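The values are calculated or read from the model by the stated rules, or taken from the named source; none is laboratory data. These numbers were taken from a predicted model, which means no experiment stands behind them. When we count neighbours, we look across all protein chains shown, and the Cβ atoms used for this are built from the backbone with ideal geometry, even at glycine.
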């Protein structure tokens, strides 16, 4: 698909879309559709997302990148079928996109993320005055038929111990921040020393939706952080801020420790935190608070029930009279 060269996104002024009157805005967007100007259409969507999206101006870089990828994916499918169809309430186009992703073997979670990005594009097109409907409103989300307790895998306590046994001090802090602190990738790479209070054994984390919360440190995590000389406690806590590097570090550790990395990756450390804390406390509400979940239902997909405990509990039941 050809991408024409009107104003590049990178060089476009921050307030470009706000400076356009509605009539001019519509003409610019229609011309972009006609010319298959994907960068301009992505720019339009990102501007609208920052202005009217749930996160507003605080929308994370990760979210922006994911939506940009999703918009490009949808445009790669839709534009060759006729740019005019993007200006209509064309549910054949939107449902066709979802079914294409399904046929290509894309996972339901990814399909729904792509659907959200494409829907953001349509919201931006409505803002530009190009259309007045939302065809994705009548396009169903992909259904995930896999058991939510089995689809997400966590590192076991034994796995974490094996990883720690081969880790250097930097890697140890990383592993414990994930497996004890339950930090997400973006939280790991952005964590700074000024966010940590070793005396109170807490750290302040800004997570999804720019929500800020206080997370308590385990004794091993506190010890790992205290092991850093006080003179070096400035800037980022971890030496890696690139997610790709963090993944490579964990993959190498898994290789050396003979621990399975596939289907776990970095987020599996957060799952491990939930599972280990549930085993220790038996209280899903404590786990939900530590993971900073607003719903216990979300926590249930992270904390895996130990099947041995279920079997033991059932075996103690008295036979029915």
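Worth pointing out:
Here is a yes/no grid of residues against (1) loosely packed, with under 14 Cβ neighbours inside 10 Å; (2) touching a strand residue (DSSP E or B) at 6+ places or on another chain (Cβ under 9 Å); (3) at pLDDT below 95:
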residue	(1), (2), (3)
7	no, no, yes
13	yes, no, yes
17	no, no, yes
23	yes, no, yes
29	no, no, no
42	no, no, no
58	yes, no, yes
64	no, no, yes
73	no, no, no
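- Under the condition of being over 25 Å from residue 62 (Cα atoms) and touching a residue at least 12 places away in the same chain (Cβ under 8 Å), the residues counted in region 220-237 number 9.
- The condition (being in the same structural domain as residue 294 (by TED's automatic domain parsing), part of a loop (DSSP other than H, G, I, E, B), touching a helix residue (DSSP H, G or I) at 6+ places or on another chain (Cβ under 9 Å) and surrounded by 16 or more Cβ atoms within 10 Å (Cβ to Cβ)) is satisfied by just one residue among 253, 176, 183, 269: 183.
- When residue 244 is tested against the conditions (1) surrounded by 13 or more Cβ atoms within 10 Å (Cβ to Cβ); (2) modelled with pLDDT of 85 or more, the lone failure is (1).
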